[in-house]
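Notes follow the structure.
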Amino acid sequence: MSITPRGERSIIALVGRRNAGKSSLINALVGQEIAIVSATPGTTTDPVDKHYELLPLGPVTFYDTAGVDDDGELGQKRVASTRKILYRADLVLFVNDGPAFDRHELELLTRIREMEIPTLMVFNKRDLQEPDPANLNYCIDNKIEYALVSAKTSDGILEAKRKADQTSPKISE
């Protein structure tokens, strides 16, 4: 049980398409298996909160969310739940596994910018492929910090933590 008050705990929302590696990224960031990982798209159905002491940030609550490209009637309810988490978020880790942003991702990125939530783009699965150059250009054009990682091999994870710390608003602010 966590005893750190909400006011002293940063809320980090992990968002992205289904199977981009959001749950795997949480596990890599904390160095343990705290989120369920599966190759089956849609494994994370509802936002799941995980309290953790993430150095150098300090106490955080991760919200692992459903994929923004979930489909069908139930899928749209899952996407709506994912979008609600943004109202709590101090920082968004937007996870993409390489392919060009699809319309769901672009719509969500627009919403995040409108809400002015600090964002770190995390290009995951770099052990399998590099991010689409258009995605990198999008980040540069929109002044979004990004990190290249492989949650599977932990390549780039320390750099992602450092960039998350730099991007995250400080509690005392």
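No lab work stands behind these numbers, since they all come straight from the coordinates. Just so it is clear, the model here is predicted, and its values are computed rather than measured. Cβ: placed from backbone, ideal geometry, glycine included. Neighbour counts: every protein chain shown.
Points to keep in mind about this one:
- Selected residue [touching a residue at least 60 places away in the same chain (Cβ under 8 Å) and surrounded by 18 or more Cβ atoms within 10 Å (Cβ to Cβ)] from Lys125, Lys152: Lys125
- Residues of the stretch 13-35 classified as closer than 16 Å to Asp155 by Cβ and either in contact with a Ser or Thr (Cβ under 9 Å, 6 or more places away or on another chain) or not aliphatic (A, V, I, L, M) (or both), total: 5
- The number of residues in the stretch 106-122 being free of Cβ contacts under 8 Å to residues at least 12 places away in the same chain and aliphatic (A, V, I, L, M) comes to 1.
- Meets criteria (within 16 Å of Lys22 (Cα to Cα), more than 14 Å from the chain's Cα centre (by Cα) and either surrounded by fewer than 19 Cβ atoms within 10 Å (Cβ to Cβ) or of a type in the set (D, E, K, R) (or both)) for Asp71: no
- Looking only at residues of the stretch 164-173 that are assigned to a loop (DSSP other than H, G, I, E, B) and touching a residue at least 60 places away in the same chain (Cβ under 8 Å), we find that the one that is farthest from Ala13 (Cα to Cα) is Ile171.
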